[in-house]
Structures are given as C-alpha cells and as structure tokens.
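Worksheet for the structure shown next.
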Amino acid sequence: MTETATLARTETKTEHFDVLIVGAGISGVGGAYHLGTQCPGTSYVVLEALDGFGGTWLSHTYPGIRSDSDLYTFGYRFKPWVGPPIATAAEILSYMGEVIEENDLAKNIRYKHKIVSASWSSKDNLWTIEAHRTDTGEASWFTAGFLWMCQGYYRQLKGYTPEWEGMDSFKGTIIHPQEWRDDLDYKGKNVLVIGSGATAATVVPAIAADCNHVTVLQRSPTYFIPGRNENDLANILRELEIAEPIIHDIVRKKILFDQEAFTRRAISEPEVVKAELLAGVRAYLGPDYDVDTHFTPRYRPWRQRIAFVPDGDIFKGITAGKATMVTDEIDRFVEKGVLLKSGKTLEADIILTATGFNLNVLGDIDFTIDDKPLNFADTVTYRGMMFTGVPNMLWIFGYFRASWTLRSDLLADFVCRLLNHMKAKGVKRVEVALREEDHNMPLLPWLDTDNFNPGYMLRGMHLLPKRGDKPEWAHSQDYWREKDEVPAIDLDGPEFVYH
Ligand SMILES: Cc1cc2nc3c(=O)[nH]c(=O)nc-3n(C[C@H](O)[C@H](O)[C@H](O)COP(=O)(O)OP(=O)(O)OC[C@H]3O[C@@H](n4cnc5c(N)ncnc54)[C@H](O)[C@@H]3O)c2cc1C
C-alpha cells in the first residue's frame with residue numbers, strides 16, 4: 001500500500017459489508033437479487049466502474065448491438081422474458097432495469113466506483129477494497145468478508161485492434177466497435193469492417209442501408225445460424241394464455257434440450273452439423289454464391305461461439321448488393337484503405353476493426369494475499385469459479401456454448417449456499433485446496449484450446465489460472481453437466497478448507 005493511499009484511507013470512512021459484488025452487469029445484478037432472496041440479512045454492496053448497470057449492454061453502443069443467444073436462456077431464471085428471442089441492448093437494459101426496480105436493488109449499487117486494489121488479510125479474514133470514483137478521482141475504502149467477482153472477462157472501454165503496418169498513413173477514420181461514437185457519420189460512405197464474428201454480423205446489417213457500401217474483410221470464415229427471430233413454442237403458449245412464468249420455464253427447457261442435442265452432435269458428427277449449417281447459409285445466398293470461400297470455416301462447429309443471425313439479415317445485405325465479403329489477409333494499411341496480400345486494395349472512408357476483446361483478468365485489480373501480490377496464473381481453478389490460495393472469492397465466468405446467465409444463476413445459488421453453510425458452521429474463511437490425490441495432477445492452461453479457442457483467450461491465457469485434468473479442477477463449459485453437478489457439490493468435501 002502506498003503512503004498516499006494509507007493517508008487517504010485513514011482520512012475517509014471504511015465501510016464494511018458481508019459481501020462485495022464487483023460489477024453491475026447481468027451477473028452482478030443477478031448476484032444482488034440472489035443474495036437478497038437466498039441470504040436475507042447479509043449486507044452487501046455492488047461496485048460498478050461505469051455510470052449505470054448493464055455491463056456489456058451499456059458499454060456497447062454501435063448500431064444494431066444485440067444478443068446472439070436467445071433471451072429465454074440469457075434472461076434470468078427468475079424473471080420471464082416476454083419479447084422476441086434475440087434482443088437489442090436497449091431491451092436487455094430495460095429488462096435488467098425492471099429486475100433492479102422490482103427487487104429494490106438500486107440502493108445497494110454504487111456506480112462510478114472502479115476497484116483498483118483488493119487485499120486479503122488472514123488475520124482479520126477480510127478483504128480490503130480500494131475503489132476510485134471515475135468522476136472525482138476520490139478514493140473510497142471498503143472491507144468485505146466475501147468477494148463475488150462479476151466483472152466479466154474483457155475490458156469494457158477498449159477493444160482489441162492489432163497493429164498493422166501503415167495504419168498512420170490511412171486518411172480516413174479507424175474505429176473499434178467498442179469505442180463507437182454517435183457522431184460518426186457513415187451515411188453514404190464506404191465502410192470496411194475487419195473481422196466477421198458476432199460483432200460484424202450485427203453491425204453490418206444495421207449500417208448497410210445507409211452506407212454507400214460495406215465490405216467485410218475476414219482472414220477466415222465464421223459459422224452462423226440464420227433463422228426467424230421468433231419462438232414458435234412461446235407463441236403457441238401465449239395464444240393459449242399460459243402465464244408468462246410458466247412459458248419462460250417451458251421455453252427455456254425446450255431451448256436447452258435442443259441446444260444440448262445440437263452441441264453433442266457438433267462433437268460426435270461435426271461434418272454433418274457443418275453441412276447443415278452451410279445449407280442454412282446457402283438458402284439465403286443462393287446457389288451461385290461462393291459459400292466455400294466466404295462462409296465455410298476451417299474449424300469444427302462450436303470451437304468458437306456460433307452467432308444466430310435473426311432473419312438472415314447480414315445475408316440479405318449481401319444479396320441486395322450493399323455488402324460484400326472478402327476473404328483475404330491484410331498486407332498493410334495505405335492512404336485510401338488496406339492493401340491485401342493478394343495485391344488487391346480495398347478502399348474505405350471508415351475502417352471498423354471488429355477484431356475482438358482485450359481480456360481483463362479479474363477486473364484489472366491489484367490483488368494481494370497477506371501483503372503478497374497475487375498472480376492468478378499461479379493458482380489452480382476449482383470448477384472455473386474459485387482458486388487455490390485465494391480465500392473467500394468466486395468468479396462468474398459463463399459458458400461459451402450456452403447463455404452466460406445460465407451459469408451466473410447456477411453459481412449464485414452456489415455462493416448463497418456456501419455463505420449460508422459458513423454461517424451455520426460459524427466460520428469466516430473458505431479456501432479451495434488440492435486434495436491428496438490431486439498433487440501429481442498435470443496443470444494445464446485455463447482452456448482446452450482443442451475444444452474452444454477464441455482469440456482473446458489465446459492472447460491472454462498465460463494470465464489466467466491453471467486447470468487440472470479432473471472435473472473438480474476445470475471449467476467444464478458444459479451447462480448440462482453442471483446443472484446437476486453444482487447443486488450436488490458437497491461443501492464439506494476435502495477440497496474445501498474452512499477456518
Ligand atoms: C457484443 C456482445 C454480445 C454478447 N452477446 C452474448 C449473448 O447473446 N449471449 C451470451 O451468453 N453472451 C453474450 N456475450 C458475452 C457477455 O459478455 C456475457 O454474456 C455477459 O453479458 C457478461 O455479463 P457479466 O455481468 O458477467 O460481465 P459484463 O457484462 O462484462 O459486466 C461486468 C461489469 O463489471 C464492471 N467492472 C469490471 N472491472 C471492474 C472494476 N475493477 N471495478 C468496478 N467495476 C468493474 C464493468 O464495468 C462491467 O459493467 C456478449 C458479449 C458481447 C461483447
């Protein structure tokens with residue numbers, strides 16, 4: 001702790017809470033709801049760096065921003081979703097706003113509080129948290145018995161843009177979608193979008209009609225699932241005047257049932273699934289379009305997240321002649337656009353770098369444990385939620401192949417069960433520790449890249465905790481297993497050490 005920080009702390013009041021939730025995105029707001037309902041009497045505060053709730057859905061403001069998974073499963077288990085399955089950021093924010101209002105959560109959330117450090121003291125069994133006000137720069141101090149990390153996995157305000165040669169020479173505007181400005185005038189302009197993931201699939205249909213032309217440049221193609229933004233089962237149940245909470249429950253179960261079958265097939269018969277996905281794309285683009293070059297990925301389905309494309313809107317832009325796909329590599333930027341390795345130049349007024357995220361490892365917070373700096377890469381994860389040597393902390397890291405919120409709800413139940421268990425036992429500290437039989441276990445990177453390999457994870461893997469080769473010591477990324485396994489975890493098992 002620096003001298004100034006010590007000074008600041010003695011001069012300001014330190015507030016104490018039983019639990020401190022980091023972040024007011026979908027996970028943090030859900031956490032607040034579950035704490036209030038499952039652990040009544042537990043004091044807590046949510047600290048959020050941004051000036052409002054929503055996380056991802058607040059910080060992303062580019063045209064067309066929407067979910068790529070359905071809101072029946074991306075929505076909370078406890079709050080029915082009543083809109084179309086794929087939702088805009090504004091619709092998700094409004095849904096979250098209702099959750100906050102209906103459950104009177106606002107009083108426990110402090111915005112514009114960026115946490116910069118968190119220190120654990122084993123003597124006091126407490127975390128001490130320093131947060132800086134993003135408007136005044138003022139420091140505020142908190143102590144908490146438990147840290148519930150809902151800070152997501154990427155930096156909200158700065159996206160990842162690779163360094164390309166000659167970027168300075170480009171005379172137009174280069175912008176990352178995460179830094180979108182409302183005054184960016186793209187009307188009648190030639191826009192080049194670099195990247196073809198979910199972001200590109202969302203922004204391109206939203207701007208294509210107003211631009212002169214949009215070109216999507218990709219190094220390699222991505223899988224998409226085009227389909228109607230409707231859920232037939234929900235529509236039928238609504239016609240039958242079934243109550244919304246029941247519709248929510250049934251439709252979630254049906255979607256999860258179908259997704260499980262799809263995921264298992266993607267692993268057991270990847271070529272068949274690939275052919276089906278490509279047929280879906282061909283149906284929109286017609287027999288003459290070069291689907292092999294532009295829409296046939298080199299990886300097996302589900303190695304990266306598959307974006308759902310409502311009503312095939314990106315494909316409609318292509319067939320209308322407003323958008324063009326180019327599969328090639330950048331040699332360098334030039335004054336008028338980019339020169340490709342094939343020798344062709346793509347001219348543009350605006351270049352949108354939809355090139356991914358910067359990983360944020362546990363909130364970019366400086367952690368110490370008993371005054372020693374904590375490097376998460378030196379820890380081993382317990383089921384992708386807790387870490388060896390790190391007491392009283394849990395991180396919500398959702399699923400890649402199923403909606404994130406399924407896990408944030410599931411782990412919220414776990415945190416509440418753990419907190420209630422500690423209370424009943426009369427203990428103040430819980431840590432996970434390798435068991436006798438785990439000591440010779442090989443320690444592997446956080447993610448099995450054979451199974452899943454998004455770029456931001458590959459770039460940041462060396463900073464993340466390690467995984468073991470047993471189910472207890474890895475994030476399985478499998479909702480269908482975890483939905484039964486997590487509620488059945490024996491909190492008095494040998495991997496939990498209490499003090
Ligand atoms: C464009 C886009 C679309 C997506 N669509 C889907 C989808 O359809 N389905 C799906 O399952 N997933 C989707 N995801 C993944 C998505 O990020 C998660 O599903 C989910 O929104 C994450 O919620 P979260 O609350 O855990 O984290 P976030 O939404 O990232 O929120 C974390 C919050 O913590 C705050 N925070 C971080 N560090 C600190 C700190 N040090 N101090 C204080 N506050 C801090 C941040 O400001 C932020 O508000 C999408 C992601 C993006 C970027």
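The values are calculated or read from the model by the stated rules, or taken from the named source; none is laboratory data. These numbers were taken from a predicted model, which means no experiment stands behind them. Don't worry about glycine lacking a Cβ; one is built from the backbone with ideal geometry, like all the others, and counts go over all protein chains shown.
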*Quick check: is even one residue across the stretch 193-201 surrounded by fewer than 13 Cβ atoms within 10 Å (Cβ to Cβ) and either assigned by TED's automatic domain parsing to the domain that holds ARG282 or under 30 Å from ALA283 (Cα atoms) (or both)?*
no
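Within the stretch 216-259, which residues are assigned to a strand (DSSP E or B) and touching a Gly at 6+ places or on another chain (Cβ under 6 Å)? Full working, then the answer.
Residues of the stretch 216-259 that are assigned to a strand (DSSP E or B), as a first pass: 216-218, 224-227.
The answer is PRO226, and nothing else.
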*Any residue at all in the stretch 89-112 that is surrounded by 18 or more Cβ atoms within 10 Å (Cβ to Cβ) and more than 24 Å from the chain's Cα centre (by Cα)?*
no
*Among the residues of the stretch 166-180, which ones are more than 22 Å from the chain's Cα centre (by Cα) and in a loop (DSSP other than H, G, I, E, B)?*
GLY166, PHE170, LYS171, GLY172
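One line per residue, one yes/no per condition, for (1) farther than 23 Å from TRP148 by Cβ; (2) among the polar types (S, T, N, Q); (3) in contact (Cβ under 8 Å) with a residue 12 or more places away in the chain:
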site	(1), (2), (3)
LEU394	no, no, yes
SER408	no, yes, yes
PHE414	no, no, yes
LEU444	yes, no, yes
TYR479	no, no, yes
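Right, ALA488: assigned by TED's automatic domain parsing to the domain that holds LEU20, hydrophobic (A, V, I, L, M, F, W, C) and without any contact (Cβ under 8 Å) to a residue 12 or more places away in the chain or not? Step through it out loud before you land on a result.
On the way: assigned by TED's automatic domain parsing to the domain that holds LEU20: yes; hydrophobic (A, V, I, L, M, F, W, C): yes; without any contact (Cβ under 8 Å) to a residue 12 or more places away in the chain: yes.
So ALA488 passes the test.
Taking the stretch 185-209 as the region of interest, how many residues are in a loop (DSSP other than H, G, I, E, B) and modelled with pLDDT under 95?
First, the residues of the stretch 185-209 that are in a loop (DSSP other than H, G, I, E, B): 185-189, 195-197, 209.
Still in the running and modelled with pLDDT under 95: 195-197, 209.
Number of matching residues: 4.
Would it be correct to say that VAL486 is of a type in the set (Val, Ile, Thr), in contact with a helix residue (DSSP H, G or I) (Cβ under 6 Å, 6 or more places away or on another chain) and at pLDDT 95 or above? Write out each step before concluding.
Details: of a type in the set (Val, Ile, Thr): yes; in contact with a helix residue (DSSP H, G or I) (Cβ under 6 Å, 6 or more places away or on another chain): yes; at pLDDT 95 or above: yes.
For VAL486, the condition - of a type in the set (Val, Ile, Thr), in contact with a helix residue (DSSP H, G or I) (Cβ under 6 Å, 6 or more places away or on another chain) and at pLDDT 95 or above - is met.
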*Looking at (1) polar (S, T, N, Q); (2) crowded, with 18+ Cβ neighbours inside 10 Å; (3) more than 9 Å from the ligand (Cβ to nearest atom), find the lone condition where GLN151 falls short.*
(3)
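So which residues in the stretch 96-124 are within 12 Å of the ligand (Cβ to nearest atom) and of a type outside the set (D, E, K, R), if there are any at all? Let's see the steps before the verdict.
Applying the first criterion (within 12 Å of the ligand (Cβ to nearest atom)) to the stretch 96-124 yields 96, 109-118.
Those that are within 12 Å of the ligand (Cβ to nearest atom) and of a type outside the set (D, E, K, R): MET96, ILE109, TYR111, HIS113, ILE115, VAL116, SER117, ALA118.
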*Quick one: in the stretch 384-425, which of the residues that are assigned to a helix (DSSP H, G or I) and charged (D, E, K, R) is nearest to the ligand (Cβ to nearest atom)?*
ARG407
*Filter the stretch 47-74 for residues that are over 24 Å from GLY312 (Cβ atoms) and more than 9 Å from the ligand (Cβ to nearest atom) and give the result.*
ASP51, THR61
*Of the numbered conditions (1) closer than 30 Å to PHE17 by Cβ; (2) outside any loop (DSSP other than H, G, I, E, B), ASP490 satisfies every one except a single condition; which is it?*
(2)
*asked:* Where the second residue is in a helix (DSSP H, G or I) and of a type in the set (Gly, Ala, Ser) and the first is under 17 Å from ILE225 (Cβ atoms) and lies in the stretch 271-291, which pairs have Cβ atoms under 7 Å and are six or more apart or on separate chains?
replied: VAL273/ALA266
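Only residues that are away from the ligand (no atom under 14 Å from the Cβ) and either in a strand (DSSP E or B) or under 25 Å from CYS39 (Cα atoms) (or both): list them for the stretch 125-140, please. Give the steps one after another, and end with the answer.
Looking only at the stretch 125-140, we keep the residues that are away from the ligand (no atom under 14 Å from the Cβ), and these are 125-126, 128, 136-138.
Once the filter is applied, which keeps residues that are away from the ligand (no atom under 14 Å from the Cβ) and either in a strand (DSSP E or B) or under 25 Å from CYS39 (Cα atoms) (or both), the stretch 125-140 yields ASN125, LEU126, THR128.
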